[in-house]
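This report refers to the structure that appears directly beneath it.
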Amino acid sequence: MPTFNEAGNINHAIQELFQYNKSVDLLIVDDDSPDGTGKLADQLASTSSRITVMHRKEKQGLGAAYIAGFKRAFDSGYDYVVEMDADGSHRAEDLPKLLAVCELNDLVIGSRYVKGGSTENWPIHRQWLSKGGNLFAKMMLGTRLNDMTAGFRVFKVPFLKTMDLESINARGYSFQIEMAYRTIQQGGRVTEVPIVFIEREVGESKMSRAIVIEALVLMTKFGMRRLFRRS
């Protein structure tokens, strides 16, 4: 669970996580949040052996935070690693559905855009941006996935270890696209499970124009490579 300025959300997110998931442990990766999220995370960790906190010295991007978390999971001997936001947008009650099928798949994506999936309280421009981005990814990368930008997912650790994480280019939200695409390219088994995505109630979204541009550039680059290989 990567965090940056999530002091208003982290406590509730953890309560919900453990309420609906009795057998998971939590690693919080905080990028030196100015609002004190890291200190709050430490306080929560002091009350539960299931919570570990990793502090990074500066904001280095979502992708770097997840890669650091993956490596900690490798060292700790876990079989599966979950990606989950700290802002409440990923419902903890949906996680058991993802975990129920992770044994048969290398990547399980909590999807907003398969039958049964949905979004709540999103402004129309965010809906169009998300749906348009996923349609563009589907076309450029030639995949059947409906929600490549989704950040709620489960990786099987033995498969994740086969990936060259140091060569991952994306550092923003396009990290999710690149990881899903590379999983497919390496022959990984991928499935989508419907979830309900809820817009955050506290704090501000980290989405920015730069993040959108990074994703478009990445998808275009991968798409052009795919077309040239075919030709």
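The values are calculated or read from the model by the stated rules, or taken from the named source; none is laboratory data. Please read these numbers as outputs of a predicted model, since none were measured by experiment. Please note: Cβ atoms are built from the backbone with ideal geometry, for glycine as well, and neighbour counts cover all protein chains shown. Side chains included, ligands, DNA and RNA excluded: accessible areas come from the protein's heavy atoms. Shrake-Rupley method; radii C 1.70, N 1.55, O 1.52, S 1.80 Å.
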Over the range 1-21, the set of residues open to solvent by 30 Å² or more (accessible area, probe 1.4 Å), under 12 Å from Ala86 (Cβ atoms) and either among the hydroxyl-bearing types (Ser, Thr, Tyr) or in a loop (DSSP other than H, G, I, E, B) (or both) is Phe4, Asn5, Ala7, Gly8
The listed residue being over 13 Å from the mean Cα position of the chain (by Cα), over 20 Å from Glu201 (Cβ atoms) and not aliphatic (A, V, I, L, M), out of Glu6, Glu16, Glu58: Glu58
Scan of the range 8-24 for residues that are in contact with a helix residue (DSSP H, G or I) (Cβ under 7 Å, 6 or more places away or on another chain) and among the aromatic types (Phe, Trp, Tyr), ordered by number: Tyr20
Within the range 49-80, residues under 19 Å from Ile10 (Cα atoms) and in contact (Cβ under 8 Å) with a residue 60 or more places away in the chain come out as Gly61, Leu62, Ala65, Tyr66, Gly69
Which ones in the range 93-151 are among the charged types (D, E, K, R) and over 15 Å from the mean Cα position of the chain (by Cα)? Glu93, Lys97, Glu103, Lys115, Glu120, Arg126, Lys131, Lys138, Arg144
Can you tell me which residues in the range 55-87 are outside any helix (DSSP H, G or I), over 19 Å from Val193 (Cβ atoms) and not hydrophobic (A, V, I, L, M, F, W, C)? His55, Arg56, Lys57, Glu58, Lys59, Gln60, Gly61, Gly77, Tyr78, Asp87
Kindly check whether there is at least one residue in the range 96-110 that is among the polar types (S, T, N, Q), more than 21 Å from Ile10 (Cβ to Cβ) and free of Cβ contacts under 8 Å to residues at least 24 places away in the same chain. no
From the set of residues in the range 90-99 that are out of contact with any strand residue (DSSP E or B) (no Cβ under 8 Å at 6 or more places or on another chain) and open to solvent by 20 Å² or more (accessible area, probe 1.4 Å), which is farthest from Phe197 (Cα to Cα)? Pro96
Any hit, the range 22-35, residues being under 18 Å from Tyr173 (Cα atoms) and in a loop (DSSP other than H, G, I, E, B): yes
Inside the range 175-192, can you point out the residues that are more than 17 Å from Ala68 (Cβ to Cβ) and touching a Ser or Thr at 6+ places or on another chain (Cβ under 8 Å)? Ile177, Ala180, Tyr181, Ile184, Gln186, Val190, Glu192
Go through the residues of the range 122-141 one by one and say whether even a single one is under 25 Å from Tyr78 (Cβ atoms), surrounded by 14 or more Cβ atoms within 10 Å (Cβ to Cβ) and not acidic (Asp, Glu). no
Being touching a residue at least 12 places away in the same chain (Cβ under 8 Å) and under 27 Å from Gly77 (Cβ atoms) is the filter; apply it to the range 22-36 and report the residue that is most open to solvent (accessible area, probe 1.4 Å). Asp25
